[in-house]
Amino acid sequence: MLARFVRGSTFRGQLSIAVALGVVLLALCSSLVSSWQGSRQIRATLLAQGEGIAVNLASRSELALVFAAPENAADAIASTLVFPEVIAVEIRDADNRLLVARGVGLPAQELQGSRPLQSGLEAETEDAWRFVAPVWAARGAPTPFEMTEQRAELLGYVRVVQSKSTLMRMQRNVFFVNLAVSLSFALAFLLLVRLLSARLTRPLAELSGAMLRAERGEPDVQARLSGPHDIEAMAHAFNRMIAVLREREDELERHRDHLEELVVARTAELSEAKERAEVANLAKSEFLARMSHELRTPLNAILGYAQLLRMGDSLTPRQASGLDTIRSSGEHLLTLIVDILDLSRIEAGKAELYLSEVALPAFLRGIADIIRIKAEEKALSFVLDSAPDVPPVLRADEKRLRQVLLNLLGNAVKFTDKGEVRLVVRVVSREGDQVRLRFEVRDTGVGIPADQLEQIFLPFEQAGEVHRRFGGTGLGLAISRQLVRLMGGDIHTESTQGQGSVFWFDAAFATADAAVQAQHSLRLPAGYEGERRRVLVVDDVGGNRRMLADLLSTLGFEVEEAADGAAALRCIGVRMPDLVLMDMAMPVMDGLETTRRLRAEPAWSALPVVMVSANASAADRARCLDAGATAFIPKPVNRDALLDVMAQRLGLTWRFEPVSDAK
Ligand code: ADP
């Protein structure tokens, strides 16, 4: 506990305690010693005084003893008892018989046989002394010399009992006076020590206070220069340290302020630039979307009519070839528009993969059929080399995968004059129901210069001879690479000029149940089995409407037309069709609202509504399906896709004619 106290208290406190303890001990010791010394002296004095009183009384008791008359000693006894310390007196004869006794009696038996010849202290108790003095009979007037020589006769004894109370009182007084004096000195000393230590510790306390304030972060803390030299030096060093710290802090602050200004300025610049870029990008996307819509709508009508006219059998060869040119040019234009839109949409991160079950062998056969025709036109051989262990069905974005493969294979055919074009499909790895496939397109064509191997993936970059560039947009590889990246892979290429090129990519797919195999036909149906079906075509653009109506009526459908949603509802009210083909964007009442109203009517709620829109994003598709549409087809309407959906919704079986023109 003491140790804890010592540790916890200040230097000044510790010093005071030590000094106080020492001083009190010193005062106690010194007063004990001096009172012991004093009491010894007092005791000697008192003893001498007692003996003197006894001797004096003895000399005055001679007569009383000689005549055995106590009254002779009465005076002497009275004057003896005047001494305050004398508490008892007695006179006895030589045979120890008591002659006179005053005061508290003395025990007689104790004196039996006690015959001292000299005066002195005879006995001592705790609180009294007893002195004895023999009484001699004097013969004449003896000289001091004779006294010692002559044999005097012993008359008796005088005894005086003297109390020790004076001794004790004086002892006490001496002790307390001593103690008081030493304590006063001690106190004075203690005060002095405290004053001195205060002088010593105040600067220290001030210094530590200053340090504490500096630590708390008070500005401009200065230690006072005072106290002993050492401490003053310390305070001085502390002040210097604080000054240096302050300087550094100021410097840091200046840097920070500057940095903040810089950051604020840069951030403002950046956010402005970002805003500008975003606005520009939005404008670009909007422009592209509008443009593609504006261009595709009339183009759609042109292509549809060309397609339709080509199906007629009263054409002269010139007309037929003219129609073919219209169609191929229109298709190229459409490709260009679609490609530009496609690329900008992919680059804006808006492209998504639409996965469905794809029967891989049929899918590859379909591609091979198309490429083989093109290859044979150039007397090239085409080989489809698909490993036997490739999964029969997998989940993929069929359209996008086909797009990539057709692009690579189309390039291979385009840039090869002799030899072969080969499509190799291999399984790279398999894990659970995940499979990683490698698609490889090899050709024995002109090859690509090494320094252009990367460049050809940039939009509008075309390498090699100019005449081969015709018909290409320079966008194919750029789009393909983005699409493959979307599938989680990348396109790689290797080429030796004059010997040929290889393009390959890996992509991961989930394998799917072989039972879910899509039926794909590359042939054009001529009609369908069973009773005649009624289709209502709703579109505000007359050309589009009539193109679809003509296509459907040649296939044997009964077609009705409506120019907006309200007209469509009236039409359905009169006579219920089997299926509605509805444009999404229309004046008066758009496709979404019309569909919602149809769905609200129990009688019409099961009527299949196929929504057609130029806005082919996932959000638009979702909006259509939310409104109650049965299916969604993007514009321009792909004939096969439309016929697939209709066959599915109406449960049709197509009637085919012998293959004429496979796309
Ligand atoms: P294009 O529409 O011109 O084919 P692509 O982006 O598909 O555009 O191709 C870009 C360029 O890459 C082509 O113009 C051609 O120079 C080169 N290229 C692509 N594939 C091959 C190939 N198999 N052999 C040689 N050159 C090729």
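Taking the condition assigned to a loop (DSSP other than H, G, I, E, B) and more than 19 Å from Leu458 (Cα to Cα), does Asp385 pass? Judged against the criteria, Asp385 is not a match.
Scanning segment 628-650 for residues that are surrounded by fewer than 19 Cβ atoms within 10 Å (Cβ to Cβ), modelled with pLDDT under 85 and over 21 Å from Gly527 (Cβ atoms) turns up just one, Pro634.
Residues that are in a strand (DSSP E or B), at pLDDT 90 or above and among the β-branched types (Val, Ile, Thr) within segment 468-524 comprise Ile491, Thr493, Thr496, Val502, listed in sequence order.
In the set Asp313, Asp339, only one residue is over 32 Å from the mean Cα position of the chain (by Cα), at pLDDT below 85, assigned to a helix (DSSP H, G or I) and acidic (Asp, Glu); that residue is Asp339.
Cβ-Cβ distances below 8 Å connect the following pairs, each with a first residue in segment 235-248 that is touching a residue at least 12 places away in the same chain (Cβ under 8 Å) and closer than 11 Å to Asp220 by Cβ, a second residue that is of a type in the set (S, T, N, Q) and surrounded by 12 or more Cβ atoms within 10 Å (Cβ to Cβ), and a separation of six or more residues or different chains: Asn239/Gln222; Ile242/Gln222. With the condition kept exactly as written, say whether any residue in segment 399-408 is buried (at least 20 other Cβ atoms within 10 Å of the Cβ), in contact (Cβ under 8 Å) with a residue 40 or more places away in the chain, under 45 Å from the mean Cα position of the chain (by Cα) and away from the ligand (no atom under 13 Å from the Cβ). For segment 399-408, residues buried (at least 20 other Cβ atoms within 10 Å of the Cβ), in contact (Cβ under 8 Å) with a residue 40 or more places away in the chain, under 45 Å from the mean Cα position of the chain (by Cα) and away from the ligand (no atom under 13 Å from the Cβ): present. Against the list (1) within 11 Å of the ligand (Cβ to nearest atom); (2) farther than 30 Å from Ile337 by Cβ; (3) assigned to a loop (DSSP other than H, G, I, E, B), the condition Lys418 fails is (1). If you check every pair at least six apart or on different chains, which have Cβ atoms under 9 Å apart with a residue in segment 472-494 that is without any contact (Cβ under 8 Å) to a residue 40 or more places away in the chain and within 17 Å of Ile340 (Cα to Cα) first and a residue that is part of a helix (DSSP H, G or I) and more than 8 Å from the ligand (Cβ to nearest atom) second? Taking only residues 6 or more apart or on different chains, the pairs are Arg481/Val404. Every listed requirement among (1) in a helix (DSSP H, G or I); (2) closer than 29 Å to Gly366 by Cα; (3) out of contact with any helix residue (DSSP H, G or I) (no Cβ under 8 Å at 6 or more places or on another chain) is met by Leu551 save one, (3).
Among the strands (runs of 3 or more DSSP E) confined to segment 10-128, the ones with at least 3 residues that are buried (at least 17 other Cβ atoms within 10 Å of the Cβ) are located at 86-93, 98-103. The set of residues from segment 631-658 being in contact with a helix residue (DSSP H, G or I) (Cβ under 8 Å, 6 or more places away or on another chain), of a type in the set (A, V, I, L, M) and farther than 17 Å from Leu299 by Cβ comprises Ala631, Leu652. Taken together, Ala616, Ala603, Ala566 contain a single residue that is without any contact (Cβ under 8 Å) to a residue 60 or more places away in the chain, in a loop (DSSP other than H, G, I, E, B) and not hydroxyl-bearing (Ser, Thr, Tyr), which is Ala616. Among the residues of segment 425-460, those identified as at negative phi, within 16 Å of the ligand (Cβ to nearest atom), more than 48 Å from the chain's Cα centre (by Cα) and touching a residue at least 40 places away in the same chain (Cβ under 8 Å) are Glu440, Val441, Arg442, Asp443, Thr444, Gly445, Val446, Ile448, Pro449, Ala450.
I'd like the full set of residues that are of a type outside the set (Ser, Thr, Tyr) and more than 23 Å from Ile302 (Cβ to Cβ), limited to segment 612-630. I'd like the intermediate steps shown before the answer.
Let us first name the residues in segment 612-630 that are of a type outside the set (Ser, Thr, Tyr), namely 612, 614-616, 618-629.
Answer for segment 612-630, where residues must be of a type outside the set (Ser, Thr, Tyr) and more than 23 Å from Ile302 (Cβ to Cβ): Ala618, Ala619, Asp620, Arg621, Ala622, Arg623, Cys624, Leu625, Asp626, Ala627, Gly628, Ala629.
In this entry, Ala223 is excluded by the filter for residues that are part of a helix (DSSP H, G or I) and among the hydrophobic types (A, V, I, L, M, F, W, C).
The listed residues are Ala549, Ala566, and the only one of them that is more than 16 Å from Thr630 (Cα to Cα) and at pLDDT 90 or above turns out to be Ala566.
What are the residues in segment 496-505 that are buried (at least 21 other Cβ atoms within 10 Å of the Cβ) and near the ligand (Cβ under 9 Å from one of its atoms), if any? Show your work before the answer.
Keep residues of segment 496-505 that are buried (at least 21 other Cβ atoms within 10 Å of the Cβ), which gives 500-501, 503, 505.
Selection gives Gly500, Ser501, Phe503.
Filtering segment 174-205 to residues that are farther than 28 Å from Gly227 by Cβ, surrounded by 14 or more Cβ atoms within 10 Å (Cβ to Cβ) and hydroxyl-bearing (Ser, Thr, Tyr) leaves only Ser182. Taking each residue of segment 201-220 that is closer than 29 Å to Ser16 by Cβ and looking for partners that are surrounded by fewer than 17 Cβ atoms within 10 Å (Cβ to Cβ) and not small (Gly, Ala, Ser) with beta-carbon atoms closer than 6 Å, six or more apart or interchain, yields Thr201/Phe11; Glu206/Arg224.
The values are calculated or read from the model by the stated rules, or taken from the named source; none is laboratory data. Quick caveat, the model's predicted, so the values are computed rather than measured. Cβ: placed from backbone, ideal geometry, glycine included. Neighbour counts: every protein chain shown.
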